[in-house]
Amino acid sequence: MGMKYWLALANLVWFGCLPAGVVHAAEAQVVVAASKTQHDWYQGSKAEQARIELEQQLQEAVLAQLHPDFFKLWRRMQATPAAARGAIYDEAFAKLGRFQYAWRSMDLVSREQMKTLKFDLNRPVVTKPSDDDLLTQVKSLRPQVAEYDAVREKVHKLLAMPMANKWPTLDMPTLRAGESSDELGQIRTMLNELGDSAPRHGDAIYDADTEQAIKQFQRRHGLTADGVIGRQTRSWLNTGPQVRASLLLRNLWRRDLVDQLSKPRYVLVNIPDYRLSVVESGNEVFTSRVIVGKEQRATPILASEIRSIVLNPSWHVPRSILSKDILPKLSRDPAYLSREQFDVIDGEGNPVQFTEEGWRQALAAGFPYRLRQKPGDHNALGRYKFYLPNNEAIYLHSTPRKSLFEQGARAFSSGCIRVEHADDLAELLLADSRYQPDKVASILKESETKWLPLTKPIPVFTVYWSSWIDEDGRQQLRNDIYGFDRVSFQSRLL
């Protein structure tokens, strides 16, 4: 299937040697206090490959902006003659080991948000290196992700680009096909550097071949592929190779979740990619576009499980949405509730009817009631709701607003996840239950809410993977919609 990003989550670690559970058991046994004694094994010729590997890992940690200590150590290494780097190599081995140990101790939310800057990398928590199979010891410090070698190769290519250290910046108005711009020659050069195959002439007219290259570039960055060079397309064109390498490496660590994704079957929602996948034994068997929360009401990183599918759900409006979205509409349009088929519910769960004066008093009092939208095609949840227990009151559901899935950026919701092909997802998850498609179709014809428990709950994870290598070997990138990659402890990486 190629190097799909979800394949990095198989239950085998590097070299396919151990299941995840065994890895953690072994890790607990080897974690001991590090010796303060310095070693000179990095200076021997037999350790040359290990030294090169260690330097590459340290450089990658700097590019990924994992921790300020790595940046300081890298600068010391570059300022020290190769023959005198023994103590620095020891320190690099120790800090990379401590980082990996601290990473393993974090929860899913902290990992996906990359909350690593405050790690204490000076604690004596890892074993000292030995002379036995030194290269294997150093390689064990890598992220446990199957596409590691492919990412390293792509990073090397990005940093080796002729324009890597002097990437140009475009500053121009929106440009559409057929229009002219003096920047088009530069745009074509940037596209070709990044592998998007633009024509190599210098014409000032935005021609059809350049438009096709821009559309490919837009698809690779999760944008609407309309060929219009607007603000977001221009921003990604201005993103140089070093930043692209940084994002690729940061996300390599995000995908190091072998210990989390150990089930043979699970649902994965990649928030910045606006996509849901069902993964079985490392293979994607289902995919659907999704809509996630806007930045102010972000979809949380979570690990839960889908236990039931609700057909014809009613929608109990959260208080936050009631206050921020619906009450302002009510003040402008009193008929909104009846048109959208909402019931007003009091504290005892009973429907409430208001006179015109009663409405004014209720709104003036801050509306101390709840709203429940009746089931049906008009319902904001659509016909399907996938129930998963969590503290955020987040769930997956369908939606009557199908047109929104055609947009490239789909951060529109108030936190819950809208699934484009919710009907197909439900059929897949119910395949081994007594609720087969004909029975589901019969229930959907009615307006009564029906809870269908799954025979076996399926794990579901929301993750934040904004860059990866696709099956064609190309780098995919997505907008940092929640700001998890806004790192600023160093102004220049290398």
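Reported to the nearest whole Å, the Cα centre-to-centre distance from the stretch 334-380 to the stretch 276-293 is 36. Going from the residue with the fewest nearby Cβ atoms within 10 Å to the one with the most, Ile214, Ile52 rank Ile52, Ile214.
If you keep only loop residues by DSSP, which GluC sites (Glu not before Pro) in the stretch 408-494 have at most 13 other Cβ atoms within 10 Å of their Cβ? Qualifying residues, ordered by number: Glu446, Glu448, Glu471. Footprinting exposure proxy ranking of Thr355, Thr136, Thr462, fewest other C-beta atoms within 10 angstrom first, gives Thr355, Thr136, Thr462. From least to most packed, judged by other beta carbons within 10 angstrom and beginning with the fewest, Arg76, Arg142, Arg234 follow the order Arg76, Arg234, Arg142.
Length gained on full extension, Asp480 to Thr136, computed as 0.36 nm times the residue gap minus the Cα-Cα distance: 120.4 nm. Using just its DSSP H runs of length 4 or more, each adding -39500 (n - 2.57), the chain gives a mean residue ellipticity at 222 nm of -9500 deg cm²/dmol after division by all residues. Taking 7 Å steps out from each Cα toward its Cβ at Arg265 and Gln56 produces label points 3.9 nm apart.
The trypsin sites (Lys or Arg not before Pro) found in the stretch 131-193 that occupy coil by DSSP, while having at most 13 further C-beta atoms within 10 Å, are Lys166, Arg176. Judged by the mean number of other Cβ atoms found within 10 Å, the most tightly packed of the peptides 277-283, 217-223 leads the ranking 217-223, 277-283.
Spin-label pair Ala79-Arg219: with each label point 7 Å from Cα along the Cα-Cβ axis, the two points sit 4.8 nm from one another. At full extension, Ser433 and Glu471 could sit 10.3 nm farther apart than now, given 0.36 nm per residue minus the alpha carbon distance.
Assuming charge only on the beta carbon of Lys and Arg (+1) and of Asp and Glu (-1), the dipole of the chain about its Cα centre is about 900 debye to the nearest 20. A straight Cα-to-Cα reach below 25 Å connects Lys402 with the lysines Lys215, Lys294, Lys324, Lys329, Lys374, Lys385, Lys439, Lys445, Lys450, residues fewer than 8 places away in its own chain not being considered. Cross-link reach is defined here as a Cα-Cα straight distance under 26 Å, omitting same-chain residues fewer than 8 places apart; for Lys72 the lysines meeting it are Lys36, Lys95, Lys115, Lys118, Lys128, Lys139, Lys154, Lys157, Lys166.
In plain terms, the bigger the Kirkwood radius, the slower the diffusion; for the stretch 316-373, with that radius from Cα pairs, at 20 °C and 1.002 mPa s, Stokes-Einstein puts D at 187 µm²/s. With the charge dipole of the chain set up from +1 on Lys and Arg Cβ and -1 on Asp and Glu Cβ about the Cα centre, the Cα lying farthest toward the positive end among the listed residues Gln65, Leu248, Met161 is that of Gln65. Remark: relative contact order (the chain) = 20 percent; criterion is Cα-Cα distance under 8 angstrom and separation of 6 or more residues. If I take all pairs of Cα atoms in the chain, what percentage of them are more than 45 Å from each other? So the pairs more than 45 Å apart make up 25 percent of the total in the chain.
Given R0 = 22 Å, the distance between the Cβ atoms of Arg319 and Arg360 translates into a calculated FRET efficiency of 0.60.
Quick note: the coordinates plus some simple rules give every number you see, no bench work behind them. Being a predicted model, the structure only gives us computed values, none of them experimental. Cβ coordinates were reconstructed from backbone atoms using ideal geometry, including for glycine residues, and neighbour counts include every protein chain displayed.
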